[in-house]
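Inspection log for the structure reproduced underneath, given as C-alpha cells.
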Amino acid sequence: MTVQKLPIAKAINESLRKAMENDPKVLIMGEDVGKLGGVFRVTDGLQKDFGEGRVIDTPLAESGIVGTAIGLALRGYRPVVEIQFDGFVFPAYDQIVTQLAKMHARALGKIKLPVVIRIPYGGGIGAVEHHSESPEALFAHVPGLKVVSPSNASDAYWMMQQAIQSDDPIIYFEPKRRYWDKSEVDTEAIPGPLHKARTVVAGSDLTLVAYGPMVKVCVEAAAAAAEEGKSIEVLDLRSMSPIDFDAVQASVEKTRRLVVVHEAPVFYGAGAEIAARITERSFYHLEAPVLRVGGYHAPYPPARLEEEYLPGLDRVLDAVDRSLAY
Amino acid sequence: MTVESTAARKPRRSSKRTGSSAGKAVADPQLVQLLTPEGQRVEHPDYDVDLTPEELRGLYRDMVLTRRFDAEATALQRQGELGLWASLLGQEAAQIGSGRALRDDDYVFPTYREHGVAWCRGVNPTNLLGMFRGVNHGGWDPNSNNFHLYTIVIGSQTLHATGYAMGVAKDGADSAVIAYFGDGASSQGDVAESFTFSAVYNAPVVFFCQNNQWAISEPTEKQTRVPLYQRAQGYGFPGIRVDGNDVLACLAVTRSALERARRGEGPTLIEAFTYRMGAHTTSDDPTKYRADEEREAWEAKDPILRLKTYLENEGHADEAFFTSLEEESETLGKQVREAVRAMPDPDRMAIFENIYADGHALVDEERAQFAAYQASFADGEGK
Ligand SMILES: Cc1ncc(C[n+]2csc(CCOP(=O)(O)OP(=O)(O)O)c2C)c(N)n1
C-alpha cells in the first residue's frame, strides 16, 4: 500500500524513518526525541529502531544542539534537529543566523550545510507563553536559510524528504495545531518542487494566500464565501523562503484581488513582502490594495485570548469583503 | 581543598570531614543531610540549624500546605480549569528550606515550578495560577514580594538574577539574590554565562539547582558527567550538594550561602538532590521513560513524612496540631478551587495593554481597528 491516510505528525515520523533507512548519515537530534519520541511524538519509535547513536537525546541547550549539528554537517552527516517549541529556538538563533546561514557563502561554496531544523509553531492549542509563536519572518529574512511549512500530511511527508536531501539549511515549520489532521499520503508519488506553491481551491474573484496552519482556515473561508456566490482561490505557499511569486502573480492576475493570511504579526511579516512584490509585479491588474490578515503587534496573548488574536474565519471573510468592496 | 569544604564558610568543625560525633550518625559528607529519610536527626561537620519546636512545625506546615495547593492545582487541571500545571510534588523540602532561609529584602528569580518558594514569599497562591489558566503571562508585581515572574524559557532567569545581584552590590546593600533552575537547565548557555558573570563580578547570588533527576524525559546523565555541584569549582566559587528532601539541610545550606553572599564573598551553587515524583507537567507521560520502582524508592525519602516522623518522635507536635493542619489544608484547597473558578477571562482589549511603557502608534491603530471590528458584531452587522 502506497497511499495511506495519516495525521501530519505521523507523516513526518514516517518520512524521517524513510530518510534514516535510505541514508545512514541522517541523524535526529533534540530534547526528548528518544524514548519519549518528542513532546508531540513526532519521533516516536525511531530511537528504538535506529539506536541512540542516530536518534540523539541532547542536553537541554538549543545553541548547543544547532551548533553541534553544524559541526556534524561539516563532517558529512545530515542532522535533522528538533526544537521543542517555537519560543525556544532563540537560544539557537545566534548559531542559526550568524553561522548556519552564512557558512556556505563564506567558504566560497566549498562546504554544504544540510541541516534541517524542525520547529513546531503557531497557536491554537491553549498553551502557555512561548509555545504558540510564529517566528517564520525572522528566519525568512535571513539570507542563506530556506523556510518551509507544510499544511497537510502529504506535504509534511514529501517536504521533509526534500528538506533532508537538500544541501542547504532548511527551517521546517510544523503547524502544531494541525498535527492530528489526517490526509492522504502517497509514499511513492513524485512530489513537486519543494518551493512551489499549490492551488488548493480554484476561484476567480479573489486570491487568498496562506501557508501552514492558516491554509485550512482559508479553505473554510472559500467554502463559506462560495455560499454567498463568491469564487475564492486559495493558494498554499508551502515555502516562505523562497516564495513562489510566479504562482501568486498568476493567480492575482486572474482574480485581481489578493488577501494574505498568516498567524504571525502583520507588521514586517510575510504578508508585507508578498504585498510589496505583487504590487510591483501586478500593479495594473489589481482592483484593490493587497490586504493582510494576521497577528497584532502584541505578544502572543494568554490562551484565553488566543481566539481573538488568531485569524479565524470571520476575520478572513471580513478582509475578503473589504477587498471586494473596492 | 575539596569543593564542599570551600562551601563551609563557618570555621566551626570545618576540618572534620568524616567520623561521628556525640553519638549521632554523620551522613554522606558529599550530601549535606540533617534529617535522614527515617526521620533521624544527624550531624554534618559544616552545617547545622537550631530550630525551636514551633519553627519546626512551621516548616512542616509550609510543606503540607504547599503540597495541598499543588495537588489542588493538579486536580483543577484535570477538571479543565487550568490549561497546564507543573507540579512540585517531592520538591517541597528544597523549596521551603531554601525559601525560609531568605530575608524579606532578598530577591528571588524562580522558574515555573517554584510554588513553595512563592508561598514562603507571601505571594497569593491564586496569582500563580493565572498563567496556567491562560488568563495572563505572569500576573503579579514582582516587587511587592521580591519574587520575580515565573520564567518558562529554561535558564534565562539565572542571568537576570546575576545582574540584579550586581546591582545590589553596586548599591552597597547587604541583601542577596537567589536563582532557581533545574538540572536540565544547567545545560543552557545562559546558566554557564551567569556562572561566569557572577564569579567575575563577585555578585551576591545563590544558584539553587533543584536536581529532580529528570528534564522531561531526559535523566540528569543526559546533561552532565560530573555531579552538578562540582561545576562551580571551575568557575571559582563553592558548590555544594544538599539532600533536597531534607528541609533542615536545605535551610542550613541556603542560609550559609546567603550569608556568604551578604558578606561580599560572591556566589554559591547549591545542588538540591531531590526527585520529581509526578509528571514533568500535566501534559507529560512519565510511563514512556521512567520505571515505577524509581519513584517508589524516592517515595521512601518523602520530605514531608520524614519531618513528621521527627516531630512525632521528639514530641514536638501532637495530634491536635496534625488535625488542625489537615483542616487548614482542606480550607486552602477549597479557597484555591473557588478562586480559580471565579477567575474571569481577561477583557479582549487586554491584548493591547502594557506592550510598551511609552506607547506605540501602531498599537494604538491596531487597538482602534480591533475595537471597531468587535463592535461590528455587537451591532449585529457581523457574521
Ligand atoms: C530554552 C527552552 N528549551 C526547552 C524548553 C522546554 N522545556 C520546558 S521544561 C523542560 C525541562 C526542564 O528540566 P529541568 O531544567 O531539569 O527542570 P524541571 O522541569 O525538571 O524542574 C524543557 C525541555 C524550555 N522551556 N526552554
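The values are calculated or read from the model by the stated rules, or taken from the named source; none is laboratory data. Quick caveat: nothing in here was measured; it's all calculated off a predicted structure. When we count neighbours, we look across all protein chains shown, and the Cβ atoms used for this are built from the backbone with ideal geometry, even at glycine.
Show the residue pairs meeting these rules: Cβ distance below 7 Å; 6+ apart or different chains; first residue within segment A:312-323 and within 16 Å of B:GLN374 (Cα to Cα) and of a type outside the set (Phe, Trp, Tyr); second residue part of a loop (DSSP other than H, G, I, E, B) and modelled with pLDDT under 95.
A:ASP314/B:GLY382; A:ASP314/B:LYS383; A:LEU317/B:LYS383
Within the group A:ALA276, A:ALA221, which residue is small (Gly, Ala, Ser) and surrounded by 22 or more Cβ atoms within 10 Å (Cβ to Cβ)? First the steps, then the outcome.
Numbers: A:ALA276 fails: surrounded by 22 or more Cβ atoms within 10 Å (Cβ to Cβ).
Being small (Gly, Ala, Ser) and surrounded by 22 or more Cβ atoms within 10 Å (Cβ to Cβ) holds for just one of A:ALA276, A:ALA221, which is A:ALA221.
In segment B:159-183, which residues are within 16 Å of the ligand (Cβ to nearest atom) and either without any contact (Cβ under 8 Å) to a residue 12 or more places away in the chain or crowded, with 24+ Cβ neighbours inside 10 Å (or both)?
First pass over segment B:159-183, keeping only residues within 16 Å of the ligand (Cβ to nearest atom): B:159-161, B:178-183.
Matches in segment B:159-183: B:ALA161, B:ILE178, B:ALA179, B:TYR180, B:PHE181, B:GLY182, B:ASP183.
If a residue must be of a type in the set (Val, Ile, Thr), part of a strand (DSSP E or B) and free of Cβ contacts under 8 Å to residues at least 60 places away in the same chain, how many such residues does segment A:1-59 contain? Steps first, please.
Here is the first cut: in segment A:1-59, the residues of a type in the set (Val, Ile, Thr) are A:2-3, A:8, A:12, A:26, A:28, A:33, A:39, A:42-43, A:55-56, A:58.
Pick out the ones that are also part of a strand (DSSP E or B) and you get A:3, A:26, A:28, A:55-56.
After this cut, where a residue has to be free of Cβ contacts under 8 Å to residues at least 60 places away in the same chain as well, the list is A:28, A:55-56.
Selection size over segment A:1-59: 3.
Find the helices (runs of 4 or more DSSP H) located wholly in segment A:267-325 whose residues include 1 or more that are closer than 15 Å to B:GLU366 by Cα and within 11 Å of another protein chain (Cβ to nearest Cβ), and list them.
A:306-309, A:313-324
Looking at segment A:93-131, which of the residues that are of a type in the set (Val, Ile, Thr) and away from the ligand (no atom under 16 Å from the Cβ) is farthest from B:GLY139 (Cα to Cα)? If you could, list the steps in order and put the result at the bottom.
Quick first cut of segment A:93-131, residues of a type in the set (Val, Ile, Thr) only: A:96-98, A:111, A:115-117, A:119, A:125, A:128.
Filter once more, keeping what is away from the ligand (no atom under 16 Å from the Cβ): A:97-98, A:111, A:115-116.
Numbers: A:VAL97: 33, A:THR98: 35, A:ILE111: 49, A:VAL115: 39, A:VAL116: 37 Å.
The extreme case among them is A:ILE111.
So, of the residues in segment A:65-84 that are touching a helix residue (DSSP H, G or I) at 6+ places or on another chain (Cβ under 8 Å) and within 11 Å of the ligand (Cβ to nearest atom), which turns out to be nearest to A:GLU133 (Cα to Cα)?
Looking at the filtered set, the residue picked out is A:ILE83.
Taking the conditions exactly as written (within 11 Å of the ligand (Cβ to nearest atom) and over 20 Å from B:SER217 (Cβ atoms)), does A:PHE90 satisfy them or not?
yes
Just to check your reading of the model, which residue among A:LYS230, A:LYS146, A:LYS216, A:LYS182 is buried (at least 20 other Cβ atoms within 10 Å of the Cβ) and touching a residue at least 24 places away in the same chain (Cβ under 8 Å)? Explain how you work it out, then say what you get.
Working: A:LYS230 fails: buried (at least 20 other Cβ atoms within 10 Å of the Cβ); A:LYS216 fails: buried (at least 20 other Cβ atoms within 10 Å of the Cβ); A:LYS182 fails: buried (at least 20 other Cβ atoms within 10 Å of the Cβ).
After applying the criteria, what remains is A:LYS146.
Can you name every residue in segment B:276-319 that is within 16 Å of the ligand (Cβ to nearest atom), in a loop (DSSP other than H, G, I, E, B), within 14 Å of another protein chain (Cβ to nearest Cβ) and out of contact with any Ser or Thr (no Cβ under 6 Å at 6 or more places or on another chain)?
Taking segment B:276-319 first, the residues within 16 Å of the ligand (Cβ to nearest atom) are B:276-286, B:288-290, B:294-295, B:298, B:303.
Still in the list and also in a loop (DSSP other than H, G, I, E, B): B:276-285, B:289-290.
Retained after the next criterion (residues that are within 14 Å of another protein chain (Cβ to nearest Cβ)): B:279-285, B:289-290.
Once the filter is applied, which keeps residues that are within 16 Å of the ligand (Cβ to nearest atom), in a loop (DSSP other than H, G, I, E, B), within 14 Å of another protein chain (Cβ to nearest Cβ) and out of contact with any Ser or Thr (no Cβ under 6 Å at 6 or more places or on another chain), segment B:276-319 yields B:ALA279, B:HIS280, B:THR281, B:THR282, B:SER283, B:ASP284, B:ASP285, B:ARG290.
Just need a number here: residues in segment A:20-49 that are over 22 Å from A:ILE96 (Cα atoms), away from chain B (no Cβ under 14 Å) and surrounded by fewer than 21 Cβ atoms within 10 Å (Cβ to Cβ).
Number of matching residues: 5.
Count, please, the residues in segment B:160-201 that happen to be assigned to a loop (DSSP other than H, G, I, E, B) and in contact with a helix residue (DSSP H, G or I) (Cβ under 7 Å, 6 or more places away or on another chain).
Step one: of segment B:160-201, the residues assigned to a loop (DSSP other than H, G, I, E, B) are B:171-176, B:183-184, B:188, B:201.
Restricting the remaining residues to those that are in contact with a helix residue (DSSP H, G or I) (Cβ under 7 Å, 6 or more places away or on another chain) gives B:174-176, B:183, B:188, B:201.
Total satisfying the criteria: 6.
Output the number of the condition that A:PRO135 fails; it satisfies all remaining conditions of (1) more than 10 Å from the chain's Cα centre (by Cα); (2) away from chain B (no Cβ under 14 Å).
Of everything listed in (1) more than 10 Å from the chain's Cα centre (by Cα); (2) away from chain B (no Cβ under 14 Å), A:PRO135 misses just condition (2).
Would it be correct to say that B:SER156 is surrounded by fewer than 24 Cβ atoms within 10 Å (Cβ to Cβ) and within 15 Å of the ligand (Cβ to nearest atom)?
Working: surrounded by fewer than 24 Cβ atoms within 10 Å (Cβ to Cβ): yes; within 15 Å of the ligand (Cβ to nearest atom): yes.
The answer is yes for B:SER156.
Looking only at segment B:102-153, filter to residues that are surrounded by fewer than 22 Cβ atoms within 10 Å (Cβ to Cβ) and of a type in the set (Lys, Arg); which one of those is farthest from the other protein chains (Cβ to nearest Cβ)?
Selected residue: B:ARG103.
Test of understanding: among A:VAL293, A:VAL261, which residue is among the aliphatic types (A, V, I, L, M) and more than 15 Å from the chain's Cα centre (by Cα)? Spell out how you get there, then give the answer.
Working: A:VAL261 fails: more than 15 Å from the chain's Cα centre (by Cα).
Checking each option against the conditions leaves just A:VAL293.
Being basic (Lys, Arg), away from chain A (no Cβ under 14 Å) and closer than 24 Å to B:THR162 by Cα: is that true of B:ARG67 here? Step through it out loud before you land on a result.
Working: basic (Lys, Arg): yes; away from chain A (no Cβ under 14 Å): yes; closer than 24 Å to B:THR162 by Cα: no.
Considered against the rule, which asks whether it is basic (Lys, Arg), away from chain A (no Cβ under 14 Å) and closer than 24 Å to B:THR162 by Cα, B:ARG67 comes out as no.
Could you look through segment B:202-246, keep only residues that are within 10 Å of the ligand (Cβ to nearest atom) and hydroxyl-bearing (Ser, Thr, Tyr), and pick out the one that is surrounded by the fewest Cβ atoms within 10 Å (Cβ to Cβ)?
Per the criteria, the residue is B:THR220.
Inspect all residues belonging to segment B:190-200 and state whether any of them is among the β-branched types (Val, Ile, Thr), away from chain A (no Cβ under 14 Å) and over 24 Å from B:ALA94 (Cβ atoms).
So the first thing to find is which residues in segment B:190-200 are among the β-branched types (Val, Ile, Thr), and the list is B:191, B:196, B:200.
With away from chain A (no Cβ under 14 Å) added as a condition, the list becomes B:196, B:200.
With over 24 Å from B:ALA94 (Cβ atoms) added as a condition, the list becomes B:196, B:200.
Yes, segment B:190-200 contains at least one residue that is among the β-branched types (Val, Ile, Thr), away from chain A (no Cβ under 14 Å) and over 24 Å from B:ALA94 (Cβ atoms).
Looking at (1) surrounded by fewer than 18 Cβ atoms within 10 Å (Cβ to Cβ); (2) of a type in the set (Lys, Arg); (3) more than 16 Å from the ligand (Cβ to nearest atom); (4) closer than 29 Å to B:CYS250 by Cβ, find the lone condition where B:ARG341 falls short.
The single condition B:ARG341 does not satisfy is (4).
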